[in-house]
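Here's the structure we're looking at; comments come further down.
The values are calculated or read from the model by the stated rules, or taken from the named source; none is laboratory data. All figures in this text were calculated on a predicted structure; none of them were measured in a lab. Neighbour counts run over all protein chains shown; Cβ positions are idealised from the backbone, glycine included. For the accessible areas, the whole protein counts, side chains as well, though only heavy atoms, and no ligand, DNA or RNA atoms are used. Shrake-Rupley method; radii C 1.70, N 1.55, O 1.52, S 1.80 Å.
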Amino acid sequence: NGTFIVDNTTLGRLQDGFSSITIGDTTAGALSVGGINTLTDDLVLRAGTSSNLTVSGPLAWSSNNALTLAAGNDIWILDNIDVGGAAASLNLLFGGTDGTSAPTTGRNYNLDLANQRSIEFANTSASLKIGNVNYTLIDSRSGFTGMSSSGNFALARGLDLSGTTDNTAIYNGTFSGR
């Protein structure tokens, strides 16, 4: 059970018109991914049931394809992820979830904020799933201040809210972003 490394060169050899590509399964070892800047097919990268998945280099694509990162343990995001397609999707499935069940308690995805890593979406019509939860993407002050009092929201990209003082409602959902 070594670490399999997926990069743009490896992926380029696989993408030839498949409707989707899956690399790894529940018996796989650790998986390291990075340096991917083109998706022509939906892509599932899966680490084994007892393994982590690490994003060790930048991931970026402008097509409307889906990228699913799945790990039996944790997902470690050590570099930027840029989702450019208007209908693209990013699925972060950690702790053994298949996207419909809750992840194993104590497992998570970890974004390297100490080194200012980010996940950014060019368009709020793209989709984000973390664990088994779908998120509404926000990219404006009005979207932020107009959030309902419950739900699951994530920033599509950095947002300057300096001067925003309106927050009289109590928010009772999940918020992801920086």
Residue pairs, Cβ under 7 Å, 6 or more apart or interchain, first in the range 90-112 and open to solvent by 60 Å² or more (accessible area, probe 1.4 Å), second polar (S, T, N, Q). List them.
Thr100/Asn132; Ala102/Asn132; Arg107/Asn73
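For the range 62-89, name all the residues that are hydrophobic (A, V, I, L, M, F, W, C) and open to solvent by 10 Å² or more (accessible area, probe 1.4 Å).
Matches in the range 62-89: Ala66, Trp76, Leu78, Ala86, Ala87.
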Sort out which residues of the range 44-61 are surrounded by fewer than 20 Cβ atoms within 10 Å (Cβ to Cβ) and more than 19 Å from Gly99 (Cα to Cα), and write them in order of number.
Ser56, Gly57, Pro58, Ala60
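Residues are listed down the side, and each one gets a yes or a no for (1) over 22 Å from Arg107 (Cβ atoms); (2) at pLDDT below 75; (3) open to solvent by less than 60 Å² (accessible area, probe 1.4 Å); (4) not hydroxyl-bearing (Ser, Thr, Tyr):
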| site | (1), (2), (3), (4) |
| --- | --- |
| Ile119 | no, no, yes, yes |
| Ala122 | yes, no, no, yes |
| Val133 | no, no, yes, yes |
| Gly151 | yes, no, yes, yes |
| Arg157 | yes, no, no, yes |
| Gly163 | yes, yes, no, yes |
Unmet requirement for Asp41, which otherwise passes all of (1) more than 18 Å from Asp112 (Cβ to Cβ); (2) surrounded by 18 or more Cβ atoms within 10 Å (Cβ to Cβ):
(2)
